[in-house]
Amino acid sequence: NGRLSPQVGSHRDISLESLSLFRLLEPQIEILVLGTGDRVERLHPGMVKQMRECGIAVEVQDTANACATFNFLMNERRMVAAGLIPP
């Protein structure tokens, strides 16, 4: 069906491995918007740094705001992907 779905049930499940699929997308994305549920949750700085080194900025927000940010960036024709954990 064309969808890639890492098994992530909460922000604690976000890992370099689960983020790795976003580095495989073609064309390459420039921004990854992560929605961490009801609240903004901190990710390990090393994960964010490694994504940045691959040319992908990571924006972490609560899921409602992440959806709005994703839609805004899509309307701006940015190369964006979203990883969203339901609130």
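Tabulated data
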| quantity | calculated |
| --- | --- |
| Surface per residue (accessible, 1.4 Å probe) for the chain, Å² | 67 Å² |
| Debye, to nearest 20: dipole size of the chain, +1 on Lys, Arg Cβ, -1 on Asp, Glu Cβ | 60 debye |
| Accessible-area composition of the chain, carbon plus sulfur, in percent [1.4 Å probe] | 50 percent |
| Cβ-derived FRET efficiency at R0 22 Å, ARG78 paired with CYS54, nearest 0.05 | 0.85 |
| Added length on full extension, which subtracts the Cα-Cα distance from 0.36 nm per residue, ASN65 to SER20 | 13.9 nm |
| Exposure rank, largest accessible area first [PHE72, PHE22; 1.4 Å] | PHE72, PHE22 |
| The chain: DSSP helices with Cα axial extent of at least 15 Å and average Kyte-Doolittle hydropathy no lower than -1.0 | 63-75 |
| Mean residue ellipticity (222 nm) of the chain, computed from DSSP H runs ≥ 4 via -39,500 (n - 2.57), nearest 500 | -10000 deg cm²/dmol |
| Placed amide H near VAL33: partners under 5 Å, 5+ positions off or other chain | GLU59, ALA81, ALA82, GLY83 |
| Rounded to the nearest 10 Å², the accessible area of MET74 at probe 1.4 Å | 90 Å² |
| In Å, descending, principal axis extents of the Cα set of region 28-84 | 29, 28, 11 |
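The values are calculated or read from the model by the stated rules, or taken from the named source; none is laboratory data. For clarity, every value in this text was computed on a predicted model and none was experimentally measured. All Cβ positions, glycine included, derive from the backbone under ideal geometry; neighbour counts span all protein chains shown. What goes into the accessible areas is simple: the full protein's heavy atoms, side chains included, and nothing from ligands, DNA or RNA. Shrake-Rupley method; radii C 1.70, N 1.55, O 1.52, S 1.80 Å.
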